[in-house]
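Asker: Please find one structure pasted underneath; my questions will follow.
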Amino acid sequence: MKLVSYLREETDQLAILVDGLLYNTQELYPDLPNNMGMFLMMWEDVIDIAKRADALLKEGKNPSSAIGIPVNSVQLLSPVPFPTSCRDGYAFRQHVAAARRNRKVPMIPEFDQYPIFYFTNHNAIQGPGEIVCMPDHFEKLDFELEVAIVICKAGRNITAAEADDYIGGYMIMNDMSARTLQMEEMLLNLGPAKGKDFSTVVGPMLVTADELESLKIPAKDRHTGNNFNLKMTCKVNGIPVSEGNMGDMDWTFAEIVERCAYGVNILPGDIIGSGTVGTGCFLELNGTGKLNDPDYTEQWLQPGDIVEMEVTGLGTLSNTIVKEDTGFSLLALKKKA
């Protein structure tokens with residue numbers, strides 16, 4: 001099943017996407033909530049009803065008088081417009097190893113011992129459309145090609161063996177990054193925070209695991225949880241810049257959820273990202289380019305750039321970079337030594 005949130009009469013409307021048409025949930029069945037927040041809160045009571053409606057629509061049988069709305073005629077929001085929290089993992093060994101190699105430091109052995117994550121700004125979650133950035137963000141503005149999950153039921157101290165049952169679905173994630181701000185604050189062994197808190201993009205839809213069943217593959221050796229063979233690509237202004245695969249995740253989402261839920265309540269609406277896939281950001285690509293050629297010209301995102309991320313089964317997430325009309329700069333306020 002593919003779930004979409006879109007703007008309807010100044011509020012978020014939940015719909016099921018079938019063959020390019022959106023069917024409002026509450027019009028399919030009155031018992032279905034009309035927004036994603038309530039849908040996730042009521043997940044175990046409503047998911048089977050929604051899946052029955054989805055199956056009938058796919059068979060060409062509309063279970064109600066709901067009228068399909070062309071998906072390209074509405075303003076899409078984040079599939080989860082108001083997440084309860086947002087964490088981002090660090091699951092792809094290829095990306096971590098390449099980034100460390102480019103900085104001329106050895107691979108850190110702790111990567112293979114436990115999955116880590118950080119919290120980012122859940123109030124800066126957005127969907128397809130414009131990403132408005134401040135002047136300082138354009139000091140090495142970057143994308144990060146990822147996949148994310150959303151939690152669909154509350155839990156605590158969940159084991160990896162059972163964690164997939166807490167995953168409502170999957171979506172594309174672009175963890176936008178202002179690298180100059182990020183690197184400055186991380187010199188003090190904190191962050192990333194200010195370099196990440198302005199925008200995290202997810203969408204264009206939330207796809208349940210049953211929709212991806214034919215693409216399931218084994219987890220890496222000695223790891224536990226679902227894994228999927230999903231090709232991941234990113235284009236900037238129509239030019240391919242990044243390609244990877246979700247199947248290359250070394251730490252599974254189930255293992256990341258296990259760590260997130262240790263001694264902590266996870267809640268319906270929590271978003272958790274995978275971390276960057278190998279080659280999945282300009283920081284890594286520029287570092288590799290410089291390593292191979294000292295004269296390599298770095299590339300960073302600029303105003304007007306169009307970033308398109310595509311993941312097998314999860315759709316295409318498209319955003320346009322916009323510069324806010326202001327001269328206000330945190331970097332300019334930095335105190336001199």
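Every read-out reported here was derived from the displayed coordinates using simple, explicitly stated rules and does not represent laboratory data. These numbers were taken from a predicted model, which means no experiment stands behind them. Heads up, the Cβs are rebuilt from the backbone with ideal geometry, glycines too, and the neighbour counts pull from every protein chain shown.
Asker: With a 10 Å radius around each residue's Cβ, average the other Cβ atoms per peptide and rank 54-63, 8-17, highest first.
Answerer: Going from most to least packed, we get 8-17, 54-63.
Asker: Given Cα pairs under 8 Å that are at least 6 residues apart, what percent is the relative contact order of region 28-81?
Answerer: Reported as a whole number, the value is 44 percent.
Asker: Continuing with the same structure: How long is the gain from TYR262 to LYS51 if the chain were fully straight, where each residue apart is worth 0.36 nm and the alpha carbon distance is subtracted?
Answerer: Here the segment from TYR262 to LYS51 would lengthen by 72.9 nm.
Asker: Relative contact order of the chain, please, whole-number percent, based on alpha carbon pairs below 8 angstrom and at least 6 residues apart.
Answerer: Once normalised by length, the contact order is 23 percent.
Asker: Name the residues whose placed amide hydrogens come within less than 5 Å of the amide hydrogen of LEU22, ignoring near sequence neighbours (fewer than 5 apart) on the same chain.
Answerer: HN-HN under 5 Å from LEU22: ILE69, VAL71.
Asker: If you don't mind, there's one more thing I want to ask. Of the labelled options [x] 20.2, 64; [y] 26.2, 94; [z] 20.1, 70, which one gives Rg and Dmax of the Cα atoms in Å as computed for this structure?
Answerer: Checked against the structure: label [z].
Asker: Next question, about the same structure. Please list, in order along region 85-99, the HN-Hα scalar couplings obtained from phi with the Karplus expression 6.51 cos²θ - 1.76 cosθ + 1.60 (θ = phi - 60°), rounded to whole Hz, x for Gly and Pro.
Answerer: Listing the rounded values in order: 6, 9, 10, 10, x, 8, 9, 9, 4, 4, 5, 5, 5, 5, 5 Hz.
Asker: While we're on this one: On a straight-distance basis, which lysines could pair with LYS334 in a cross-link, Cα separation under 18 angstrom, same-chain partners fewer than 8 positions away excluded?
Answerer: Output for LYS334: LYS140, LYS194.
Asker: What spacing in nm lies between the two simple spin-label points modelled at ASN292 and THR320, each 7 Å away from Cα in the Cβ direction?
Answerer: 3.3
Asker: With θ taken as phi - 60° and the coefficients 6.51, -1.76 and 1.60, list the Karplus ³J(HN,Hα) couplings across region 297-311 in order, rounded to whole Hz; mark glycine and proline as x.
Answerer: With the stated coefficients, region 297-311 comes to 8, 5, 10, 9, 5, 10, x, x, 5, 10, 9, 10, 10, 10, 10 Hz.
Asker: Give the residues of region 129-150 whose amide nitrogen is closer than 14 Å to a point set 7 Å from the Cα of LEU330 in the direction of its Cβ.
Answerer: 133-141
Asker: Could you sort the peptides 295-301, 192-198 by per-residue average Cβ neighbour count (10 Å cutoff), highest mean leading?
Answerer: 192-198, 295-301
Asker: Per residue of the chain, what 222 nm ellipticity follows from adding -39500 (n - 2.57) for every DSSP H run with n ≥ 4, rounded to the nearest 500?
Answerer: -5500 deg cm²/dmol
Asker: Karplus couplings for region 190-203 from phi (6.51 cos²θ - 1.76 cosθ + 1.60, θ = phi - 60°), rounded to Hz, Gly and Pro as x?
Answerer: My calculation for region 190-203 gives 10, x, x, 9, 5, x, 10, 7, 8, 6, 10, 9, 10, x Hz in order.
Asker: Just how far, in whole angstrom, is region 107-142 from region 192-241 if you go by their alpha carbon centroids?
Answerer: After rounding, the separation between the Cα centres reads 14 Å.
Asker: So, one more: Output the 0 to 90 degree angle, nearest 10, between the alpha-carbon long axis of helix 43-58 and the longest principal axis computed from the alpha carbons of the chain.
Answerer: 80
Asker: Still on this structure: Sort the following peptides by mean Cβ neighbour count (other Cβ atoms within 10 Å, averaged over residues), highest first: 171-182, 67-78, 203-214.
Answerer: Final packing ranking: 171-182, 203-214, 67-78.
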